[in-house]
Each structure stands twice: as structure tokens, then as C-alpha cells.
Amino acid sequence: MEIKKPAIAGTVESSDCLVSVEPGDGKIDFSLESSVANQFGHQIRKVTFETLERLGVDNVKISIVDKGALDCTIKARIEGAVYRSADQYKDLPWGGAIQ
Amino acid sequence: MINAVGRDIPEEILKQTGKEVFQGSHHFDGAEVRTESHHIKIRNDGGSKVLPSIHDALVKCGIHDGMTLSFHHHFRNGDRVLNMVIEECHNMGIRNLTIAASSMGPQNDPIVPYLDDGTITNIRSSGVRGKIGKAISEGHLQGLAIMASHGGRVRAIKSGEVKIDIAFIGAPTADDYGNLGANGGRADCGVLSYAAPDALHAEKVVAITDTLVPFPNFPQQIKGIYVDYVVAVDSIGDPTKIASGAAKPTTDQRKLLMAKYCSDFVAASPYFKEGFTYQTGVGGASIASTKFLADEMRNRNIHMALGIGGMAKPMCDLLNEGLIRELVDTQDFDLEAVRSVAENPHHHFIMAGEYASPLTKESYVNRLDIVILGALEVDTHFNVNVVVGSDGYITGAQGGHPDTACGAKCTIIIAPIMQGRIPTICDDCTTVTTPGEDVDVVVTDYGIAINPKRQDLIEAMKDTDLPITTIEHLRDIAYSITGKPEKVQFEDRVVGIIEARDGTIMDVVRQVKPFSLED
């Protein structure tokens, strides 16, 4: 998928995260600010890269402000931000690229 | 050197502090210990002890570099006394002070800069919440933060390990003779329990009040015979923030579920019988479990002989209802408790040492049947952490946790299986504050684990429909939701010590390492 414009999904409420995506410069540019970085920073990065791969996104600046979201929440917020950035609101691939 | 809870205590810390490693909660039972006392300057003039300012009191007490100043935390988040005194010391150019407080919190945020400039170089406290905890964890204190339980603090003072040069006692009321009361002023705190050892053992005792009353001030909790000077200031504390420590009745279904499990467990235990003794905290789940337990007390016509420790409205209500015979109080978390201790003849002030000191001919904690306590983390060895957050930062206080856990016949920890993404039930606590040998039961929203050493309790619960499981199973559930956490990375430098109640070292706290993603 191509990131066409900047988009966000999520909140900075406790147990949620705010995911921002914008068009990249040829690669995945990942930045993270997390209240649980010490314990889950690497896991959050792993989930992010797995989710982007599943969505077929390889050219993006993605930044996550995390307030202790579970993996399922992080995935959902990334998927939300990516489809918003592509202006796709219909015919979403539930059970396919969106797990 | 590895101690009894499996923690490796660095040799240089043992050398630096002259301490031993923790060898078990009952290692010193029966030991004979000599207590130390202090110098008294004989005074025979019958005159007023009132001085015009904190500055004058500091001068009269001979303030100089390297002294140890003590404070109590009964004004909680509303306290102004500690900051006022330290500010004045700083203005006078005093350096290298040790603060020996019964606890510290966000009310003390304004003195954080005095760690960096060397005004304060060592801290002794039950724990440190707020920005000071963060600053200590990031290495801003030149010396060590030694964190002790409430009982352990009294032991340290009484044994002479902590020599208090000047005790500053914020007092809601005082007369010019130094009789100090906790009620009837503008910033009432109910009791002055944690200031008592300071009054009894400090070299100099200075009372700070905003309500000077005519002699004689009755009822007093700290007597004028222990007080050197009295200083009147504009305000010792913000009354709206003093009694704000108790949670409001909760509607959180998760907390109510834990509370129900907890009260059902207590009711099914052999300790729930006429004349039982009890202590609980002031978190939402603890308060709710007290209310559920009260229903059971009414149903089965069982009365509590004694409620112990920090007090809030729910316990005072049960006292008024006649379900509790007496309360012995060391701290008041809301205005109802402040009023109750002032007015109800069955609600008594006790001193910190009476409550929890291991260096006595038995303190009240040893008479506890049941104590309900919270936790930041509980590990599969039943060790509990209440001081250091899972992110490695100092963020809580020992309070009476290790004291009551050691003393009570049945110690119950009540904690959700996870807080946000942080698993509460884990493989190994970030820091151990209460040893697993003193923890009997862990109640979570996903089930109850009983310490295998308590086969009697496991047996007693066999025919109940309570969700009894193992601590390992609870950890597995937690990790299945949160993922297994990485070990937090620390620098080598030790910034704090978790002191066991007997004065040995339970654990050390190291400086936090800023997080960065590995390539």
C-alpha cells in the first residue's frame, strides 16, 4: 500500500496509542515514545513492522506515542492510520491484510 | 552477596553502609539490642519556647553542614513544613544534609533542585513519590536514598543507626511549652504517630505550627517535655490536600470483583471469628472488600476487636456501627477519620513504634489476624514490590507493608493481574520490598493464589467455590495478554537501598538507563 497523505489514528489515553503516518523517503522510518518502552519497546517495534509488512507498506514515516496499549490495539491503530492515509474507507480487507 | 530473597547485594554497598544482607524476617527474633538515646540541654527557666522564625530555630539548634533533619508526612500532599525548612537551610548556605522523613511525595517537588546543588545529599524515607523519586532514580542525589518501612524507621532511630540532629514536627496546634495536638487547628491531620520517635530520640526538637494556643494544650499527642522550641508560621499545610488519600467508593467492576474474592476468602478463613483483628489499605479494592466483609460480619454476628493502621471513613463507620470495638490509628486519609480520632473515645492515637517497630517488646502488627495490602508487582516467589515501578523509577513507599505482612497471621495482597500493559504478577519483581515468606495469599481479578507454604489455607479453601489457582498460572495469564516484558536496563550505580525492617538490605535500586531501541 502507498501512504498518500499524513494520517493519524488512536489517542493518548491510558492503554491506547496514537499512530501517525506520512509518506516516507523510500523506507520505513519508525519512531516510538512509550510509557512502557523499557519493558515493551522492542515488542512494539516488532508488531509495527509485522503489521506494516502485512499491509504491504514499505515507504512510510511512522511515529507512535504509546500509553501502554496491548499489541492488538497497536495493530488496529496502525491499520486505521494506514487506510486513512490511503483514503480507503470501504471494502476493507477484514481477515486479510487487516487481522 | 545473595540474600534470603535471592537478590545480589554489592559488596561495596555492604561496606559503605556497614549493613548485612537480609537473612529472613525472623532472623533477629529473640536478639538483645541496646537502644541509644540523645543529649538533653537542661532547661529550668519556665519561659516560653516560642521563637520568631524557622531561621532562629535553625540557629538556636546549631545548624551546620552534614546534619540530619527529620520530618513527618501526616500532612501528606498538603505538607509545607519540609519544604520551608529545607528552603531556609538552602538560603543559609547549609550543605550535605540528610533528610530523615517518614515519607515524601509530590508535595516535595520544589526541593528537587537542592539535590543537584548539594544541599541535600542523603535521604531516608519510607519511599519517595513524585519528582524526587524520579530525580533519585536518574542519579541526582549524591549519596543514597535508604527506604525503610514505618516500623523499620523507628528501629533505625531507636537503635541509634539514624541520629536525628533536629526534628521538625509540623503540629496542627501547639502551646508555648511545646504540647502538640493533631486536631483543633487549621491543618488538622488527626494523629502525629510518625513524629513520635523523632520527638523521643532527636537531639533537638522543633515544633512548627500555624495555630498557637494558650498553655496548656490538651489533648496533646506529643508532650512539651520533648520539645525544645516552637515556631509559629502562616501555614503548615493545605487542609484540602491533607485528607485526600482515600479512594472514593469504586464502581470499577474489576476492583469490585477482586474485593468480593478477597472478602469471601477472609470469611472462609479460620481467622474470621469473633474478636478478630484487621488492617486494610485505602485503595478502591481494599475499601470495597472492607464493605463486603462488613456484610458478612452482620450476617454471622462477628465483631472485630481491633482495627489497626491508617484509617479512612469505612473503618470509622464500622466503629460507629459497633462492628469494631477499638481502632488504633497511625494515619488519617480523610476528614471523617480525622474527626473520628478527635471525637470517638474508641478511636485511639498510637505512636509509630507501638504500631510496627521490630525493636519493641512486640508491636501491634504482631497481633494482626488479617492484613489486606496492595502491590505494584508480585512475583512467582510471592515477593512483593511497592516502591519501584516496573519502569525502574522509584515511585512508591514501603509504608507499613513489610511490617504488617511480617506480623499478620494471614497476609493478603490484592492487585489486578495487569495495570495498563504492565503485568502485576511476574517472574521476578523489579525490586523486592516485602519477602515472599511473609505473603500468604494473592487475590487478583483472574483468581487467587495461595502461597504453597500455607497448606492449611489451601486446605481451608478446598470446599469453597473461590477461583483458587497457582501464582504461576496467574503470571501465565498476565503474560498471555501483555506479552512477556523485557528486563529493565539499569546503570551500575546504586542510588537507593530497600532496607528490611530489621535494618538489613532487602534489595538495592540502581540508576535508570535511558531507553533506546537496539538495531
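We did not get these values from a lab; they are worked out from the coordinates using the rules stated. Small disclaimer: the values here were computed from a predicted structure and weren't measured. Cβ placement follows ideal geometry from the backbone for every residue including glycine, while neighbour counts extend to all protein chains displayed.
Once amide H atoms are built 1.01 Å from N in the peptide plane, which residues 5 or more positions from residue B:332, or in another chain, come under 5 Å H to H?
Amide H neighbours of residue B:332, under 5 Å, 5+ apart: B:191, B:311.
What does the net charge come to around residue B:109 if you take all other residues with beta carbon closer than 12 Å to its beta carbon, with K and R at +1 and D and E at -1? If you can, show how the numbers build up before the last one.
Working: positive: B:129, B:131, B:134; negative: B:79.
That works out to +2.
Report the far tail of the P(r) of chain A, meaning the percent of Cα-Cα pairs longer than 16 Å. Intermediate results must be reported in sequence, preceding the final value.
Working: 2384 of 4851 pairs.
Of the Cα pairs, 49 percent sit more than 16 Å apart.
Looking at the protein assembly as shown, what % of its DSSP beta bridges pair antiparallel, to the nearest 5? Don't skip to the end; give the middle numbers.
Numbers: 34 of 99 bridges.
Here the antiparallel bridges make up roughly 35 percent for the protein assembly as shown.
Any idea what angle helix A:37-55 forms with the longest principal axis of chain A, computed on alpha-carbon atoms, 0 to 90 degrees, nearest 10?
Here the helix axis deviates by roughly 10 degrees.
Rounded, prolate or oblate, given the Cα gyration tensor of chain B, with a/c below 1.5 counting as rounded?
Oblate shape, in that a/c is at least 1.5 and b/c is the bigger or equal ratio.
Return a whole-number percent for the relative contact order of chain B, with Cα pairs under 8 Å and 6 or more residues apart as the contact set.
Values: 1285 pairs, mean separation 83.9, N = 519.
In percent, rounded to a whole number, it is 16.
Could you state the number of Å between the C-alpha centres of the stretch B:91-121 and the stretch B:4-35?
Spelled out, the Cα-based centre of one part sits 27 Å from the other.
Per-residue mean of other chain beta-carbon atoms within 10 angstrom of the beta-carbon, peptide A:27-37?
Per residue, the average neighbour count from other chains is 3.
Can you work out ³J(HN,Hα) from phi for every residue in the stretch B:64-79, in order, using Karplus 6.51 cos²θ - 1.76 cosθ + 1.60 and θ = phi - 60°, giving whole Hz and x for Gly and Pro?
Residue by residue, the stretch B:64-79 yields 8, 4, x, 6, 10, 10, 10, 8, 10, 10, 5, 8, 6, 5, x, 5 Hz.
Report the relative contact order of the stretch A:7-85, percent, no decimals, based on alpha-carbon pairs under 8 angstrom and at least 6 residues apart.
50
Helix hunt in chain B: which complete DSSP H runs extend at least 30 Å axially by C-alpha with mean Kyte-Doolittle at least 1.6? Intermediate results must be reported in sequence, preceding the final value.
Details: long enough: none.
Span-like helices here: none at all.
At a 10 Å Cβ-Cβ cut-off, how would you order B:42, B:2, fewest neighbours first? Please list the in-between numbers first.
On the way: B:42 4, B:2 9.
Ranked by crowding around the Cβ, least crowded first: B:42, B:2.
Using the Cβ atoms and a cut-off under 14 Å, what net charge is assigned to the surroundings of residue B:65, where Lys and Arg are +1 and Asp and Glu are -1?
Combined, the nearby Lys, Arg, Asp and Glu give -1.
Using a 10 Å cut-off on Cβ atoms, rank the peptides B:446-454, B:181-189, B:498-506 from the highest mean neighbour count down.
Highest-to-lowest ranking by the protection proxy: B:498-506, B:181-189, B:446-454.
Per DSSP helix of 4 or more residues, -39500 (n - 2.57); summed, then divided by the residues of the protein assembly as shown. What does that give at 222 nm, rounded to the nearest 500? Spell out each step's value before the answer.
On the way: 18 runs with 170 residues, N = 618.
It lands at -8000 deg cm²/dmol.
Amide H neighbours of residue B:104 under 5 Å, counting only residues 5+ apart in sequence or on other chains, H built in-plane at 1.01 Å?
Under 5 Å from the amide H of residue B:104: B:126, B:127, B:129.
Quick check: Cα centre of the stretch B:388-409 to Cα centre of the stretch B:452-471, how many Å?
Measuring centre to centre over Cα atoms gives 25 Å.
If you take every DSSP beta bridge fully contained in the stretch A:7-85, what fraction is antiparallel? Give it as a percent rounded to 5.
Details: 11 of 18 bridges.
The antiparallel proportion sits near 60 percent.
Which value in Å is the Kirkwood Rh of the protein assembly as shown over different Cα pairs?
Values: mean 1/r = 0.0385 Å⁻¹.
By the Kirkwood definition, the hydrodynamic radius is 25.9 Å.
Mind listing the phi-derived Karplus ³J(HN,Hα) values for the stretch B:432-446, rounded to whole Hz, using 6.51, -1.76 and 1.60 with θ = phi - 60°, and x for any glycine or proline?
With the stated coefficients, the stretch B:432-446 comes to 8, 10, 10, x, x, 4, 9, 10, 9, 9, 10, 9, 10, 6, 10 Hz.
Compute the relative contact order of the stretch B:366-519 as a whole-number percentage, counting only Cα pairs closer than 8 Å that sit 6 or more residues apart in sequence. Provide the component values of the computation, followed by the final result.
On the way: 307 pairs, mean separation 34.8, N = 154.
Relative contact order for the stretch B:366-519 comes out at 23 percent.
Give the distance, in whole Å, between the Cα centre of the stretch B:300-362 and the Cα centre of the stretch A:22-99.
Their Cα centres are 53 Å away from one another.
Structure shown: which of A:5/A:27; B:49/B:241; B:361/B:462; B:484/B:513; B:291/B:409; B:131/B:204 lie over 26 Å apart, alpha-carbon to alpha-carbon? Walk me through the numbers on the way to the answer.
On the way: A:5/A:27 16 Å; B:49/B:241 29 Å; B:361/B:462 37 Å; B:484/B:513 20 Å; B:291/B:409 21 Å; B:131/B:204 29 Å.
From A:5/A:27; B:49/B:241; B:361/B:462; B:484/B:513; B:291/B:409; B:131/B:204, over 26 Å: B:49/B:241; B:361/B:462; B:131/B:204.
With a/c under 1.5 counting as rounded, go ahead and sort the stretch B:370-493 into rounded, prolate or oblate using the C-alpha gyration tensor (a ≥ b ≥ c being the square roots of the eigenvalues; past the cut-off, prolate if a/b is larger than b/c, else oblate).
Details: a/c = 2.21, a/b = 1.34, b/c = 1.65.
It comes out oblate by the Cα gyration axes.
Quick one: angle between helix A:71-85 and the longest Cα principal axis of chain A, in degrees between 0 and 90, rounded to 10, please.
40
With a Cα-only, solvent-free Debye model of the stretch B:129-246, what are the log10 I(q)/I(0) values at q = 0.11 Å⁻¹?
Calculated log10 I(q)/I(0) at the listed q: -0.43.
Arrange the peptides B:57-67, B:359-369 so that the one whose residues have, on average, the most other Cβ atoms within 10 Å appears first. Kindly include the intermediate steps, with their values, before the conclusion.
Numbers: B:57-67: 17.0, B:359-369: 18.5.
Output ranking for B:57-67, B:359-369: B:359-369, B:57-67.
Under 5 Å between amide H atoms, partner at least 5 residues away or on a different chain: which partners does residue B:373 have, H built in plane at 1.01 Å?
B:412, B:413, B:414
Once phi is turned into ³J(HN,Hα) by the Karplus curve 6.51 cos²θ - 1.76 cosθ + 1.60 with θ = phi - 60°, what whole-Hz value does each residue of the stretch B:4-17 show in order, with x for glycine and proline?
5, 9, x, 9, 8, 9, x, 4, 5, 6, 4, 5, 4, 9
Looking at the square roots a ≥ b ≥ c of the eigenvalues of the Cα gyration tensor of the stretch B:271-386, which shape do they give, rounded for a/c under 1.5, prolate if a/b is larger than b/c, or oblate?
Working: a/c = 1.43, a/b = 1.17, b/c = 1.22.
It comes out rounded by the Cα gyration axes.
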